[in-house]
1. With charges set only on the Cβ (+1 for Lys and Arg, -1 for Asp and Glu), what does the dipole of chain A come to about its Cα centre, in debye to the nearest 20?
2. Ignoring GluC sites (Glu not before Pro) that are buried or in helix or strand per DSSP, and keeping those with at most 16 other beta carbon atoms within 10 Å, what is the longest stretch of chain A between them?
3. How many Cβ atoms of partner chains, on average, are near each residue of A:104-110 if near means within 10 Å of its Cβ?
4. Give the whole-number value, in cubic angstrom per residue, of the convex hull volume spanned by the C-alpha atoms of region A:1-108.
5. Could you name the aspartates and glutamates in cross-link range of B:Lys22, using Cα to Cα under 17 Å and dropping any fewer than eight places away on the same chain?
6. Amide H of A:Ser55: which non-local residues (sequence gap of 5 or more, or other chain) have their own amide H closer than 5 Å, using H built in the peptide plane?
7. Let me have the relative contact order for region B:3-108, percent, based on Cα pairs under 8 Å that are six or more residues apart.
8. For region B:3-108, what is the convex hull volume of its Cα atoms per residue in Å³?
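The values are calculated or read from the model by the stated rules, or taken from the named source; none is laboratory data. As the structure is a computational prediction, the values presented were derived from the model and not from experiment. Ideal geometry is used to build each Cβ from the backbone, glycine not excepted, and the neighbour counts take in all protein chains shown. The area values use the complete protein model at the heavy-atom level, side chains included, leaving out ligands, DNA and RNA. Shrake-Rupley method; radii C 1.70, N 1.55, O 1.52, S 1.80 Å.
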Amino acid sequence: EPEVTQTPSHQVTQMGQEVILRCVPISNHLYFYWYRQILGQKVEFLVSFYNNEISEKSEIFDDQFSVERPDGSNFTLKIRSTKLEDSAMYFCASSGTASNQPQHFGDGTRLSIL
Amino acid sequence: AQRVTQPEKLLSVFKGAPVELKCNYSYSGSPELFWYVQYSRQRLQLLLRHISRESIKGFTADLNKGETSFHLKKPFAQEEDSAMYYCAPSMDSNYQLIWGAGTKLIIKP
């Protein structure tokens with residue numbers, strides 16, 4: 001069964017640095033998402049992406065964040081000038097040909113900001 | 001405001017006992033509703049969605065529009081049901097998933 005894959009599984013970065021989290025969605029999916037989960041807290045929606053543009057974003061997704069689909073397979077989340085509070089698990093998800101279809105999640109990237 | 005409430009952060013029941021994980025939402029209209037599960041060291045995965053009206057791993061969830069609830073139920077809990085469960089109704093045109101805080105279910109032997 002096809003899966004969403006995320007790399008790296010764990011990223012450790014100095015505060016103030018930029019990080020790029022990578023995701024490979026399921027190949028025929030059209031809708032892509034990023035979520036984060038701060039340790040001990042609930043999963044929070046960050047952004048959704050469709051047709052090569054952001055379709056919706058949450059209040060968390062400010063100018064520090066950006067997403068990109070640089071080629072036909074990858075979907076990246078860039079975090080600039082990282083802060084300690086950016087430490088979290090970041091989940092990528094994709095869904096198929098309609099936005100109301102179930103989302104398939106990757107294993108997540110654990111981001112640790114030092 | 002769109003809000004999902006899972007009142008129980010932790011629920012512990014004995015194997016074989018019935019399980020009910022509560023979820024309430026505050027939306028107008030007709031939301032799309034999902035339950036996602038995260039087993040230990042595994043990724044988040046869809047457990048069930050209300051429009052399919054199916055039973056997955058013995059779990060069912062009925063949408064109660066009057067009570068604005070979507071509680072997850074199973075008549076006889078099994079040890080392998082231990083996991084984090086998230087209620088995720090969605091309402092807006094993009095079907096963004098607005099997550100509940102999650103309930104950790106522990107099934108005691």
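1. Values: 9 positive and 14 negative charges, 35 e Å.
Charge dipole, chain A, about its Cα centre: 180 debye, nearest 20.
2. Working: sites that count: A:Glu3, A:Glu18, A:Glu59.
By the stated rule (loop sites, at most 16 other Cβ atoms within 10 Å), A:60-114.
3. Details: counts 4, 7, 2, 4, 3, 0, 0.
Whole-number average of other-chain Cβ neighbours for A:104-110 is 3.
4. Numbers: hull volume 11.4 nm³, N = 108.
About 105 Å³ per residue, rounded to a whole number.
5. B:Glu8, B:Glu32, B:Asp62, B:Glu67, B:Asp81
6. Here A:Ser48, A:Phe49, A:Tyr50 satisfy the definition.
7. Numbers: 252 pairs, mean separation 40.9, N = 106.
Rounded, it is 39 percent for region B:3-108.
8. Details: hull volume 9.9 nm³, N = 106.
Roughly 93 Å³ of hull volume per residue.
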